[in-house]
């Protein structure tokens, strides 16, 4: 029944045809090397359940390459600890080089897993946006490593349909949800990087032009998501 209730954070961006994600071009990526380094880590490590409140269960996990405190299994923002590379990043020579080529000071960098039949509830991450042009905030970049057409990452009204080996930005300050209807573990390399002019220059100009419109409707989308959760009209 909940699936049939109209959701303002889907209807409003769709009405104005707002783009909430884009591909970041201009950075060469060798997917095979990233997959090899990921698989090498998995020989001795396991994913830890994600600490976010949008999901309760064991199907959404992370392994950190940069974390607060430098522990690969600390998956939350801890302002009392310093950001540091974990011991696992030392095993990822190519990924380290790739991170150096992506503009901006790096915040958390993680492999994140969504297992088959896992659903991540509608939620939003308020600080992960370029739209405020605030250089203290992060742009959250996704690099799909292993995925499928049957994995759905929705940013409000948009089914992102991201491809392996490409780099994407999503405005995760808008409500988003994940459903893995496939039979594989979806793996993304997720890079939080501080916003700067060099990074913004990699964004499509059409996406940059949409900043003002996105800002006008963002609070409505966020507050309606909060209200629906409070009224138990959505899970989470």
Cα-based shape type of segment 87-171, given that a ≥ b ≥ c are square roots of the gyration tensor eigenvalues and the cut on a/c is 1.5: oblate
Multiply the residue gap between residue 211 and residue 105 by 0.36 nm, knock off their C-alpha separation, and tell me the result in nm, one decimal place. 35.9 nm
Segment 57-88 and segment 203-219: distance between their alpha carbon centers, rounded to Å: 30
Contour excess over end-to-end distance, with Cα ends at residue 16 and residue 184 and 0.36 nm allotted per residue: 57.0 nm
How compact and how long is the chain, expressed as Rg and Dmax of its alpha-carbon atoms in Å? 17.2, 49
Fully extended, how many nm does the chain gain between residue 161 and residue 223 (0.36 nm per residue separation, minus their Cα-Cα distance)? 19.7 nm
In segment 1-115, what is the volume of the convex hull around the alpha carbon atoms, normalised per residue and reported in Å³? 171
Using only DSSP helix segments of four residues or longer, with each worth -39500 (n - 2.57), what per-residue ellipticity at 222 nm results for the chain after dividing by its residue count and rounding to 500? -7000 deg cm²/dmol
Quick one: which of 5-16, 23-34 comes out on top by average Cβ neighbours within 10 Å, and what's the full order, highest first? 5-16, 23-34
Suppose a student asked you for the relative contact order of segment 2-230, using Cα pairs under 8 Å spaced at least 6 residues apart; what percent would you report? 26
For segment 91-213, calculate the relative contact order in percent as a whole number, restricting contacts to Cα pairs under 8 Å that are 6 or more residues apart. 39
Förster-model FRET efficiency, 35 Å R0, residue 194 and residue 44, C-beta, rounded to 0.05: 0.70
For the pair residue 150/residue 27, report the inter-label distance in nm, with labels modelled 7 Å from Cα in the Cβ direction. 3.1
Tell me, 114, 120 in order of fewest to most beta-carbon neighbours within 10 Å? 120, 114
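Only the coordinates and a few stated rules stand behind these numbers; no lab work does. The structure displayed is predicted, hence computed values, not measured ones. A quick note on method: Cβ atoms are made from the backbone with ideal geometry, for glycine too, and the neighbour counts reach across all protein chains shown.
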